[in-house]
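*Asks:* Can you read through this structure? Questions will come right after.
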Amino acid sequence: MSGARRHRAIWVINAACPSRCSYCDIGSQRSVPTLDAVEVARVARELLEAGFREVVFVGGEPLLCPELPAALDVLAGKCTVAVFTGGIPGDPRRFAELVRRGIDRVVLSVDSGDDHENDRLRGRVGITSSVFAMADAMRAEKPGLDLSINSVVTRFNADTVERVWERVRAYRPTAWALTLAGDNFTGSPEGHFLSREQLAQFYFERVPRYAELVRPSTHLVVLPVPLPYLEAGIPPARWGSARDEHRAALDQELDRYARGMHNQGFVEKYGCPLVGVDVSIGVGGEVYPCSQAPILKQPYRLGSLREASVSAILDGDSFRRFEAGVPHEACRRCWAPSNVEPATLRARIARRP
């Protein structure tokens, strides 16, 4: 595969995390040995050599990873670097300096606009004040820093997630992503999936209202986007008014979403636009063939960066077998189309089978 096609690497650089979000299975990775600083720097160089244009560090809590600076020293100024953080107790200034070492975008994980409720959802008292203190410190360190917000939407916060915007709007976020809870690592948080009724309210009532709330300064990202709206290019502000025109197809799509099958309709019709273009790296250097959380399971592991380079793994037989076998079960459960560059997505849909 040509390196010119490659785009994003999601790097789960550690499993340590002060939060205990009940929809997240990062705990299953805490016994996995992480890469050391020399290995981290080598992998960072290999990602650049393979043509990746964006590296997104997730965890765990990537800012707690002692090896993160080794990666930043390699990547700074050579690709876009983003970091997800849910906040870390203590003085945030000790982490703020990292943004000058090569972080272009920080994504704050906030699931409720009420601090007490967000603490409860994220499993640690005080974690909400910590994440906003960190945002303040990082903006002071780098005034032009790109801040975005990610909110995981579950059956427990679907009715109140709008309050997140009230809490974050003063930070002028570049984007606010609303992500339905889904598979990650060994678990599947089925108890957190929205009910069928909640899904209809979310897509046809709440999202159009949110789209108007955040205009024009913030981009609203919804993961996943129902396939009929993707195909027709209908923006979120019109999802309510366009419902009747696509009702039968939307009903089928939301029936799937209620079971966590967020991508079944798209991948069975159009295939996968992310395989090999995006990639994931696990806590111990495992390589997976796309950037979506449901792929982070042992059956889809392509190889180890302790044993081979990024390019060697992506050019190997394991990758070709995975690509030929799409859609796998994990492919039906991800948010892939919502993470594809718009021009790429339009071109794929234009080649309607």
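*Asks:* So what is the accessible area of region 216-353 per residue, in Å², with the probe set to 1.4 Å? Don't jump to the answer; show the numbers that get you there.
*Replies:* Working: 5780 Å² over 138 residues.
That works out to 42 Å² for each residue.
*Asks:* Report the accessible area of residue 186, computed with a 1.4 Å probe over the heavy atoms of all protein chains in place, in Å² rounded to the nearest 10.
*Replies:* Its heavy atoms expose roughly 110 Å² to the probe.
*Asks:* At 1.4 Å probe size, with no ligands or nucleic acids counted, give the accessible surface of residue 24 in Å², nearest ten.
*Replies:* 50
*Asks:* Only four residue types carry charge here, +1 at the Cβ of Lys and Arg and -1 at the Cβ of Asp and Glu. Report the dipole size of region 301-353 about the Cα centre in Debye, rounded to the nearest 20.
*Replies:* Working: 10 positive and 6 negative charges, 65 e Å.
About 320 debye.
*Asks:* Which percent of the accessible heavy-atom area of region 84-145 goes to carbon and sulfur, probe 1.4 angstrom? Could the numbers behind the result be given before it?
*Replies:* Details: 1280 of 2550 Å².
Roughly 50 percent, rounded to a whole number.
*Asks:* Order the peptides 116-124, 221-229 from the highest to the lowest mean number of other Cβ atoms within 10 Å of their residues. Don't skip to the answer; put the middle values down first.
*Replies:* Working: 116-124: 18.9, 221-229: 21.7.
Ranking, from highest mean packing down: 221-229, 116-124.
*Asks:* Using modelled amide H (1.01 Å from N, peptide plane; none on Pro or chain starts), what sits under 5 Å from the amide H of residue 219, excluding residues fewer than 5 places away?
*Replies:* Amide H to amide H, under 5 Å and 5 or more residues apart or across chains, residue 219 pairs with 175, 176.
*Asks:* Now for a separate question. Over the Cα atoms of the chain, what Rg and Dmax result, in angstrom?
*Replies:* My reading of the Cα-based Rg and Dmax gives 19.4, 56 Å.
*Asks:* Further question on the same structure: Placing +1 on the Cβ of each Lys and Arg and -1 on the Cβ of each Asp and Glu in region 274-353, which of 350, 300, 319 has its Cα farthest towards the positive end of the resulting dipole?
*Replies:* Final value for the positive-end residue is 350.
*Asks:* Just the accessible area for residue 195, please: 1.4 Å probe, Å², rounded to the nearest 10?
*Replies:* Near enough 40 Å² of accessible area.
*Asks:* Please identify the GluC sites (Glu not before Pro) of region 260-344 that satisfy two criteria: DSSP loop assignment and at most 11 other Cβ atoms within 10 Å. Which are they? Please list the in-between numbers first.
*Replies:* Working: sites: 268, 286, 307, 323, 329; in loops: 307, 329.
Taking region 260-344 and a limit of 11 other Cβ atoms within 10 Å, the loop GluC sites (Glu not before Pro) found are 307.
*Asks:* On the accessible surface of region 230-308, probed at 1.4 Å, how many percent belong to carbon and sulfur atoms?
*Replies:* Numbers: 1280 of 2920 Å².
The C+S portion of the solvent-accessible surface of region 230-308 is 44 percent.
*Asks:* Ok, one more. Taking the Cα centre as origin and putting +1 on Lys and Arg beta-carbons and -1 on Asp and Glu beta-carbons, what dipole magnitude results for region 65-178, to the nearest 20 debye? Numbers along the way, then the final one.
*Replies:* Working: 16 positive and 16 negative charges, 45 e Å.
Dipole of region 65-178, to the nearest 20 debye: 220 debye.
*Asks:* Moving on to the next point. Return the whole-Å distance between the Cα centroid of region 41-95 and the Cα centroid of region 280-294.
*Replies:* Between the Cα centre of region 41-95 and that of region 280-294, the gap is 15 Å.
*Asks:* Pairs of Cα atoms under 8 Å, at least six residues apart: use those to get the relative contact order of the chain, whole percent. If you can, show how the numbers build up before the last one.
*Replies:* Numbers: 673 pairs, mean separation 62.9, N = 353.
Relative CO of the chain lands at 18 percent.
The values are calculated or read from the model by the stated rules, or taken from the named source; none is laboratory data. This one's a predicted model, so the numbers in the text were calculated from it and none came from an experiment. Backbone-built Cβ (ideal geometry, glycine too); neighbour counts: all protein chains shown. Surface areas here come from the heavy atoms of the whole protein model, side chains and all, with no ligands, DNA or RNA. Shrake-Rupley method; radii C 1.70, N 1.55, O 1.52, S 1.80 Å.
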